1. Give the Rg (one decimal place) followed by the Dmax (whole number) of the chain, computed from C-alpha coordinates and expressed in Å.
2. Relative contact order for the chain: what is it in percent, counting Cα pairs under 8 Å that are at least 6 residues apart?
3. Which whole-number percent is the relative contact order of region 302-349 (Cα, under 8 Å, 6+ apart)?
4. Sticking with the crude label model, points 7 Å out along Cα→Cβ, report the distance from residue 120 to residue 388 in nm, one decimal please.
5. Explain nothing, just the number: relative contact order of region 1-114, from Cα pairs under 8 Å at least 6 residues apart, as a whole percent.
6. Determine the dipole magnitude for region 131-180: charges of +1 sit on the beta-carbon of Lys and Arg, -1 on that of Asp and Glu, nothing else is charged, the reference point is the Cα centre, and the result goes in debye to the nearest 20.
7. Please state, to two decimals, what the Cα-based radius of gyration of region 1-97 comes to when divided by 2.2 N^0.38 Å (N = residues).
8. Helix-only estimate, please: 222 nm mean residue ellipticity of the chain, summing -39500 (n - 2.57) across DSSP H runs of length 4 or more and dividing by its residues, to the nearest 500.
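The values are calculated or read from the model by the stated rules, or taken from the named source; none is laboratory data. Computed from a predicted model, the values in this text were never measured in an experiment. Ideal geometry is used to build each Cβ from the backbone, glycine not excepted, and the neighbour counts take in all protein chains shown. These area figures cover heavy atoms from the full protein model, side chains too; ligands, DNA and RNA do not enter into them. Shrake-Rupley method; radii C 1.70, N 1.55, O 1.52, S 1.80 Å.
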Amino acid sequence: MLFNSISFGIFLIIVFALYWIVPNKFRTILLFISSCYFYMSWNPKYILLIFFMITVSYFSGKIIQRSDNKRKRKAILTLTICLCIGALFFFKYFNFISDNIVNLAKLLSIQLQPVTLDILLPVGISFYTFQTLSYVIDIYRGKVEEERNFIVFATFISFFPQLVAGPIERSTDLLPQIKSEKRFSYENASYGLKLMAWGFFKKLAIANLVAPYVDKAYSSIASCTGFDILFMMPMFAIQIYCDFSGYSDIAIGTARLFGIKLSKNFISPYFANSISDMWHRWHISLSTWLRDYIYIPLGGSRVSKVRRVYNLVITFFVSGLWHGANWTYVIWGLFHGFAQAIAGLFPRRNKKKSGARNLFSMLAVFIFWCVTWVFFRADSITDAFEVFKKLFGSVTNPSTFVHQNIGLTPMIGIEMLVGVIILAIFDYASLRVDVIEWLSKKKTLIRWSVYVLLIWLTVTFMPFDSGAPFVYFQF
């Protein structure tokens, strides 16, 4: 069940109405049942996998919390991590590892028969695996206490707005909200709907508009010219940002309808003026998870420069591998790890930059991301290098590209440009104020003019077939 589908709209209206009608003591049960139904709409049998994760982490937390034996606590934690990561490995990485073992054996002149599994990747498995692990690890560290109510805990793991693509929530933030008694708030619901509308605009009117042309270019790299690549690289950067942040906005807005505040996942990332700054703004729930559970346990930055480089590279290696079972993702992660490590060798003396220098830094960071996104998007390392090879090829007449190569018409180009300008204005303003809250305080005529314009642009710009799934569903 996609957010951008009629079935989700009907589902959300029914759940929202029931949630505020039933007594408070039944609301958590309703959310849990609704979340199970939401997830089962993709593949019913994979609900068993979530139940497995929930059950393992729930009882592991209980045992760790109530045991004074350090060896026992550590053994249970290790077993839990192995079971959860093992399930993730089985579904997501088994075929990848198997293929690489076979390829390595060939280099050593050893013939092995590949063993592959014909199974579908469960939607959102990487997200809820990390969420379960953080809960158990935090109990082991003594940062949180066990959740005794199984239904409350199960709802924390399976909460449908953020189940399949985040944000990855911590138990300290989400569990208390699920358990708390709530009263309906018009302001909360209104804010949630407005944030959802903005998320739908980014997904439908920008990401889905751009996606077919980026896909077509990547599917025919051999026929691309330098101009094609120059267009394709920033367009994919815009597409993936609008697609993923659009999902996050819809998820956060949906949760607001139920009186629950999820963590912010993006803060105007393409206005970052350094690689480090970008990662403080991009997929924040994942970057902070990697920081707290990978980078800091390795020693963080309170070590020698050489060790810090190692810690960064390992952390971003995990980040790349988390995104997908393909060496392209690993290379993408390593690029960012080494970039951060190199930047760390040259401390910034003047934190405050002039307008021109700051603009240059933002442009440089954006170009770096556009370049690394090639590995993220390409189907193989060979395709990625072919893209860079084409980048330095002939730059033909732009009209050839527009009309012949991928069929981009001038009207679609104008729609893309308008969408990107609106996105840039919103993100720039967001650096200073909460745009939705600020707009909500304006006069009725002004704010409703903006709302109607946004809805009209969304309906006008979105492609006829706008049911494309969100990019991060595959992770």
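1. Radius of gyration, then largest Cα-Cα span, for the chain: 23.3, 75 Å.
2. On the way: 571 pairs, mean separation 91.0, N = 475.
Computed value for the chain: 19 percent relative contact order.
3. Details: 40 pairs, mean separation 18.4, N = 48.
Result for region 302-349 is 38 percent.
4. With each label point 7 Å from Cα toward Cβ, the separation is 3.7 nm.
5. Numbers: 40 pairs, mean separation 14.7, N = 114.
Once normalised by length, the contact order is 13 percent.
6. On the way: 5 positive and 6 negative charges, 5 e Å.
Roughly 20 debye for region 131-180.
7. Details: Rg = 18.1 Å, N = 97, 2.2 N^0.38 = 12.5 Å.
In units of the globular-protein estimate, region 1-97 measures up at 1.44.
8. Numbers: 20 runs with 305 residues, N = 475.
Using -39500 (n - 2.57) per qualifying helix, the result is -21000 deg cm²/dmol.
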